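The values are calculated or read from the model by the stated rules, or taken from the named source; none is laboratory data. If you're wondering where the values come from, they're calculated on a predicted model, not measured in any experiment. Please note: Cβ atoms are built from the backbone with ideal geometry, for glycine as well, and neighbour counts cover all protein chains shown. With ligands, DNA and RNA removed, areas are computed over all heavy atoms of the protein, side chains included. Shrake-Rupley method; radii C 1.70, N 1.55, O 1.52, S 1.80 Å.
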Amino acid sequence: MTTSQTTSSLPHTPAGALTARPRRFRLEQLPGALITLLTLLLAGAWVFPLYWAFVTSIKPENETIANPPTLVPQSVDFSAYSYIFQNSPIVRWYLNSIVSSLTITVLVLLLCMMCAYALSQIDFRGKRWLFWLILAGFMIPFQASLIPLFIFVNKLGMVNSYSGLILPQLAAPLAVVVYKQFFDQIPAELADAARIDGASEFRVLFSIFLPLNIGITLSLGIITFIAAWNNFLWPFIVMNDTEKLTIPVGITQVQSAYGVAYAKTMATAVTAAVPTILAYLIFQRRVTEGVMATAGLK
Amino acid sequence: MLQSVPTAQRDVLSPEKRAQARRRHLVALMLVAPFTVIYLLFLIYPTLRVIQLSFTNSDLTGAGAYNGVQNYTRLLREPTFWTALRNTLVFILLTVVPNTMLGLGLALLVLRLKRLKNLVLAAFFLPYVLPVSVVTNVWNWVLDSNFGLFNTLTGSTITWFQDPVWALPAVAFVTVWWTVGFNLLLFVAGLQGIAPEIYEAASLDGASGWRLFRSITWPNLWPVTSLILLLQLVAQFKIFDQIYLLTQGGPFDKTLVLLLYAYREGFQQQHGGYASAIGVVLMVAILVVSAIQIRVLNRGDRA
């Protein structure tokens, strides 16, 4: 589009320094520039609700309902945040979410990595059955079997407990299949050389295969963490005590408690949103890679 | 790769080789067992059990007697079930194709950008990493009938999530806002995967703009497009969270979808067997529709 302005055509002064060619705005660039502007406006509109939620949470309550609405707060007031931190178990919910999401992430990576390694590298009876069984899991919507899952977890006495919350979320066929794909690509000579040297399979997995696949491990880890953090349905069903809720479930409980208090409601929403937003912004490339790896399977 | 011993030599298996095979299977078992046990217990077993439960009149403790196909005949005669099915299908219509087309359109816009590309991509994807309750809280506030931004700016008085006409479209809109980033990402990857040489060759032949899109972009993009359509279809069939949080299935069951109906019957009315039947219907519907869609969409691919 703007090939005439690429840096390769910058003229040199006799002293050897580069001078930028003065930019000329050509008329045929106008439609392109307009489309770019439209794109930017659309992107801004897309995240605007989030900005609006944040801005509402730092306004005093009577300004939140001001008409006309104020785009920038006339006065900044953090009392909504101090209120919810003092008057709701939100800190407890944060802890619950952090502990359960981290546990799920670590366990999913570990268990799926081990299983995928065996599927990829070891020949054993029933291997093909197991792999097809895992693939079949993709077609099964776990939501349809909520009732028997709940009955089963109840029988195990794990309702309203961390184990009841975490264990069902470890059944992640996706991670196994992704890992297997990546492990299949490791050249056989690497593993064979290590085995000849007497390394056990566990050793080969953790000292060779894992270090070679740090990238996908990080990607899978991040998206597993985000998914575990955001999980609503199962934590909602399995946990009864308010103290034991995870954040996504917890913030639905406070809506009615505060009544009509928009700043406070938005403050809880913002607080609940911060971890996954941060995780995404920091690990954007990893999240992208993870999303694409898991979607490419189905 | 650890090979199993070739058949011809199996009869003369030395004790060494047998011990080796035993060790190999033991190691495989240790590696595979933790995941497989959990997978069998918490995914496979409940799936089998829901089919079994659907033929009983059990409550929420699993205790109940077999009652044949009574749950299913009741299902077919129950108007609420048909309402839920219809609402689910309408919801799918309101989300699957618009979400996919929007994702494609945005991908085409995003790929024109150079320095701003990642920023714009992040803007559209950001909602996707939010928990559903944050999404519903935010949109409950924006679409609040009295003080919400939208109603104050447009002067509308519609109570969006309680309006019999607007509730379902409103939830569909929120769903699209929440999830379009995922489609966008896949489309960007798909579009970037089309070799630029194909475009160069075509534009040398004089093709441009819409012609290029129709003859080159669309066919090459078709595998990604059909994948996204399939993923969307399955996902929206299973819709629950947003509807539960925004409308509870109301008003007057106008937004009641299949899974919400199953939840209501099972966890609120304690009709475990009947709710399981609904779950089985949902599973079968997803399987059938996925199979049909794969068939239909792949035929277009070969053409």
- Note on the structure: FRET efficiency (A:Val47, A:Leu156; Cβ distance; R0 45 Å; to 0.05) is 0.55
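Provide the FRET efficiency to the nearest 0.05 for the B:Arg86-B:Ile194 pair, computing r from the beta carbons and using R0 = 45 Å.
On the way: r = 39 Å, r/R0 = 0.87.
So the FRET efficiency works out to roughly 0.70.
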- Task: Set Lys and Arg Cβ to +1 and Asp and Glu Cβ to -1, take the dipole of the protein assembly as shown about its Cα centre, and tell me which of A:Trp129, A:Ala45, B:Val120 lies farthest positive.
- Result: A:Trp129
- Among A:Ile186, A:Val291, A:Thr271, the residue whose Cα sits farthest towards the positive end of the charge dipole of the stretch A:154-298, when +1 is placed on the Cβ of each Lys and Arg and -1 on the Cβ of each Asp and Glu, is A:Thr271
- Task: Determine ³J(HN,Hα), in whole Hz, for all residues of the stretch A:128-136 in sequence, where each value follows from phi through the Karplus function 6.51 cos²θ - 1.76 cosθ + 1.60 and θ = phi - 60°; x replaces Gly and Pro.
- Result: 5, 4, 4, 5, 5, 4, 5, 4, 4
- Note on the structure: Per the Kirkwood formula over distinct C-alpha pairs, the hydrodynamic radius of chain B in angstrom is 23.5 Å
- Query: Most fluctuating residue of A:Thr36, A:Thr276, A:Thr105 in a GNM of chain A with Cα springs under 10 Å: which is it?
  - Reply: A:Thr36
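Across the stretch A:106-186, how large is the tail of the calculated P(r) beyond 16 Å, expressed as a percent of all Cα pairs?
Working: 1909 of 3240 pairs.
Of all Cα-Cα pairs in the stretch A:106-186, 59 percent lie more than 16 Å apart.
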- Using a Gaussian network for chain A with springs between C-alpha atoms less than 10 Å apart, which of these wobbles most: A:Thr39, A:Thr242, A:Thr64? A:Thr39
- Query: Using alpha-carbon pairs under 8 Å, 6+ residues apart, how would you state the relative contact order of the stretch B:40-178 in percent?
  - Reply: 16 percent
- Task: Would you mind giving the mean number of other chain beta-carbons within 10 Å of the Cβ of each residue in A:64-73, as a whole number?
- Result: 2
- Item | Size of electric dipole in the protein assembly as shown: Cβ of Lys, Arg +1 and of Asp, Glu -1, about Cα centre, debye, nearest 20 | 1040 debye
- Message: Given the C-alpha atoms of the protein assembly as shown, compute the convex hull and give its volume per residue in Å³.
- Response: 239 Å³
- Query: What is the dipole size for chain A, taken about its Cα centre, with +1 at each Lys and Arg Cβ and -1 at each Asp and Glu Cβ, in debye to the nearest 20?
  - Reply: 420 debye
- Roughly what would the spin-label model give for B:Ser203 and A:Leu27, points 7 Å off Cα along C-beta, in nm? 2.2 nm
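Taking 8 Å as the Cα distance limit and 6 or more residues as the minimum spacing, I'd like the relative contact order of chain B as a percentage. Intermediate values should be presented prior to the final figure.
On the way: 310 pairs, mean separation 82.8, N = 303.
Dividing the mean separation by the residue count of chain B yields 27 percent.
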- Non-local amide H neighbours of B:Thr56 (under 5 Å, H modeled in plane, Pro and chain starts lacking H): which ones? B:Asn67
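Using a Förster distance of 30 angstrom, determine the FRET efficiency expected from the C-beta separation of A:Ser207 and B:Gln20, and round it to 0.05.
Details: r = 22 Å, r/R0 = 0.72.
Result of the calculation: an efficiency of 0.90.
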- Query: Buried accessible area for the A:B pair, summed, 1.4 Å probe, in Å² rounded to 100?
  - Reply: 8300 Å²
- Pop a pseudo-label 7 angstrom from the Cα along the beta-carbon direction at both A:Asp123 and B:Phe252 and give the gap in nm to one decimal. 6.8 nm
- Note on the structure: Checked against a 23 Å limit on the C-alpha separation, the offending pairs among A:Lys127/A:Lys180; A:Lys127/B:Lys17; A:Lys127/B:Lys238 are A:Lys127/B:Lys238
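Rounded to a whole number, what % of the accessible area of the stretch B:180-303 do carbon and sulfur atoms account for, probe 1.4 Å?
Values: 3190 of 5420 Å².
Of the solvent-accessible surface of the stretch B:180-303, carbon and sulfur hold 59 percent.
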- Query: By a straight-distance test (C-alpha under 21 Å), which lysines pair with A:Lys59 as possible cross-link partners, with residues fewer than eight away in the same chain excluded?
  - Reply: A:Lys264
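Using the Kirkwood radius over C-alpha pairs as Rh, can you work out the diffusion coefficient of the stretch B:84-190 via Stokes-Einstein at 4 °C, viscosity 1.567 mPa s, in µm² per second? Walk me through the intermediate numbers first.
On the way: Rh = 15.1 Å.
Rounded, D is 86 µm²/s.
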- Binning every alpha carbon pair distance of chain A at 5 Å from zero, what are the percents per bin? 1, 4, 8, 10, 11, 11, 10, 10, 8, 8, 7, 6, 3, 2, 1, 0, 0
- Task: Could you size up the charge dipole of the stretch A:145-298 around its Cα centre, putting +1 on the beta carbon of Lys and Arg and -1 on that of Asp and Glu, and report it in debye to the nearest 20?
- Result: 380 debye
